[in-house]
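Asks: This structure is in structure tokens; I'll ask about it shortly.
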Amino acid sequence: MVSASLGVHLQLSVRLSSICRSSTYDVASRTDEGINIMVATDFTLAGYRALVENLVGRGYLVVGYGEADPAARHLILRHDLDMSLEAALRIASIEAELAIKASYFVLLRTEMYNPWSKQGQKHLHRIMGFGHEIGLHLDCSLYPDDPDALDRAAIEECRTLEAVTGTSVKTVSFHRPAAQLLGWAEQIGGRRHTYQPRFYSDMGYCSDSRGAWRHGHPLDHPAMVEGRAVQLLTHPIWWNRAAPLDPVATLDRFRDERDGVLAAALSANCIPYRETRGATPSPLKRDDE
Ligand SMILES: [Zn+2]
């Protein structure tokens, strides 16, 4: 069954070619410039819960990076926090209700959120309170393209994140990594990283990059079908909604929410702004939209 919202999502230059799964995991296969892309209709909070419940029901044991064994039916749930700590908290709460622990990777050098702000700290500590691991999401594009420079950067950023969280950082995940870092065997900054062969090629790897299962739905992944270990990467921003939504619309909504946070902070910190706009300013009408 293809939902109306998926239909909107696919009002592109692509043609819905066939439907290969129905049920909670409605998946449509489409062809985009010759690449077969799997699109799930269930990128919602309920969809995430159902997906994890399904995986656990298949006998998978959800483990952290420290315990993961490529030879066992182990599942690593990894979340790269590219945009929102608040969205991460919603996913973390669902996992806590399911009594499982995942790994959350936090960017430090980003314009999207501030893990050291009052609100950021609140979200991070609630995620940690559920027992989830906090790791570093390292944006390699900000550093020279050389292993020593990257190693020094990882050490410095891990130290900073440890100060922010008050706990040790044991795992690093690269943000938008260059191809040569995928499957890179060495540690980074004296720590394991999520693209080491042990986690990346010795076990199945599946990601929801750009808000779609671009390399196939996890339930169709060969490792999953064979019951082998899997590292599943999801980005909470794509799941933080009650009903399926176009990825761009999701990001526009996120942008509006961030604007609200900024407006409230301006009012709290600047009397003339507060006197004109109020303590909780209504959204501005923008000319560029
Ligand atoms: Zn990232």
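Asks: Output the qualifying pairs, or none if there are none: Cβ atoms under 6 angstrom, residues six or more apart or on different chains, first residue in region 165-178 and in the same structural domain as HIS193 (by TED's automatic domain parsing), second residue assigned to a loop (DSSP other than H, G, I, E, B) and more than 12 Å from the ligand (Cβ to nearest atom).
Replies: Taking only residues 6 or more apart or on different chains, the pairs are THR171/TYR65.
Asks: Of all residues in region 100-125, count the ones that are within 15 Å of the ligand (Cβ to nearest atom), of a type in the set (A, V, I, L, M, F, W, C) and surrounded by fewer than 20 Cβ atoms within 10 Å (Cβ to Cβ).
Replies: 2
Asks: Within the bounds of region 230-237, is there any residue that is among the polar types (S, T, N, Q) and surrounded by 12 or more Cβ atoms within 10 Å (Cβ to Cβ)?
Replies: yes
Asks: Would you confirm whether any residue within region 181-198 is aliphatic (A, V, I, L, M), within 16 Å of the ligand (Cβ to nearest atom) and under 15 Å from ASP82 (Cβ atoms)?
Replies: So far as region 181-198 goes, no, none of its residues is aliphatic (A, V, I, L, M), within 16 Å of the ligand (Cβ to nearest atom) and under 15 Å from ASP82 (Cβ atoms).
The values are calculated or read from the model by the stated rules, or taken from the named source; none is laboratory data. Keep in mind that what you see is a predicted model, and the values were worked out from it rather than measured. So basically every Cβ, Gly included, is an ideal-geometry build from the backbone, and we count neighbours across all protein chains shown.
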